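Worksheet: the structure to be examined is printed underneath.
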Protein chains: 2
Amino acid sequence: MTEPTVLATFATPSLVAPDHQPAPSSNPLRLGLLASGSGSNVEVIAQAIASGQLNAQIQVVIYNNPTAKVAERAERLGLAKLLLNHREFASRAALDQAIVAALKAHQADWVIMAGWMRIVTQDLIDAFPRRILNIHPSLLPSFPGANAVEQALKSGVKITGCTVHYVELAVDSGPIIIQAAVPILPNDTSEALHQRIQVQEHRIFPLAIALAAQSDAAIYGE
Amino acid sequence: MTEPTVLATFATPSLVAPDHQPAPSSNPLRLGLLASGSGSNVEVIAQAIASGQLNAQIQVVIYNNPTAKVAERAERLGLAKLLLNHREFASRAALDQAIVAALKAHQADWVIMAGWMRIVTQDLIDAFPRRILNIHPSLLPSFPGANAVEQALKSGVKITGCTVHYVELAVDSGPIIIQAAVPILPNDTSEALHQRIQVQEHRIFPLAIALAAQSDAAIYGE
């Protein structure tokens, strides 16, 4: 028995048009990063800042899991880091209140969820209105929630991808800033697919942060 | 106020790999086409047959709307056509029973929904098990149902597309054969976007028919 045929085609090789490149702004964005895992997106954002692609500075990296590899990575990158272990908080709201306090203490203006596996509460959203971004490994609105890569693979779609969006209370909702499409290949594994999606995450996340800072007034009609 | 930033990026320019090109099979597929609108996909399938890309013949074009432009198109292409006006049938099942009878009378083996705007019933599915294909103007599972292009535009996604899939009873479900991704551009209109999606529909639909004929045994594990 041969494998099912698996096909995806793309209309356009790349759509990051030159006029969408963010203009440098005078004041660096002050970012607070939230991460639960390895923090590869933290590193990519730090690199984008170092290379001048993103005019920003990382005020603090907050993580919720004592064994998360992002701690070591932040250390190596010389970034301020803070463990707020969700197991030590009585509720989601209590954790988010501590996060808000820490972000404010570190003078962060933007909250960047770089692989943040906790469900956010109104407390965090109210403290940073229209200033919280998340990256999700699917082409939303397809496959929100946990295990998005596995969901896509199991469903039989031929194209998936990743999405950077503003965070609202409902999981993986909120205005979309950038998406990138990624093909699902014959005999793809969840690991191989996740890796190819991450390559695209690393491309679009720094750009999305810059664009959000530049254009969020427009998106929200201010 | 400037327009919201609209961005999409694509990992791969094209994924119709050479080894996915369908091999010619000895017996032409005998297609019954169902259409409700202009029938541009009917024309594209006829062209793919004429050019030798698709080894098939169109047995009949069935349409449900007396004013559908597909009638004129079928006439011009010299295709057998048949009006089965849904308003003249007491139920969806009754319409589908008439469709099945007509398809069998015209010796169609495959049912190709080329812009078919009626909800199918079990009668049609049972009569052509694993032999009904549909094209839908979104990257399913996002935006099933009517007005998929408008739904995508309104939702703020940056990437949409089209999907050819086997038909199951639930609307716009069933195993996916091919998808194509299409960017949503700044200041896109529903008409402009629909047109760009149709360009991709016309690319993938004939290929999907050939691939389905070739690989459906594999997909269904027969």
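One table, with the values for the structure above:
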{"read-out": "Whole-Å distance, taken between Cα centres, linking region B:82-160 and region A:87-124", "value": "47"}
{"read-out": "Per-copy distances of the residue A:191 label point, shortest first, in nm (7 angstrom along Cα→Cβ)", "value": "5.2"}
{"read-out": "Residue-averaged beta-carbon neighbours from other chains (10 angstrom radius) around A:151-159", "value": "5"}
{"read-out": "Inter-label distance for residue A:30 and residue A:87, nm, one decimal - labels placed 7 Å from Cα along Cα-to-Cβ", "value": "3.3"}
{"read-out": "Label distances, nm, residue B:145 versus same residue in remaining copies, Cβ-directed 7 Å point", "value": "1.9"}
{"read-out": "Cβ-derived FRET efficiency at R0 30 Å, residue B:147 paired with residue B:101, nearest 0.05", "value": "0.45"}
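None of the figures in this text is laboratory data; all of them are computed from the coordinates on show. Just so you know, these numbers come straight off a predicted model, no measurement behind them. In this analysis, Cβ positions are derived from the backbone assuming ideal geometry, glycine residues included, and neighbour counts consider all displayed protein chains.
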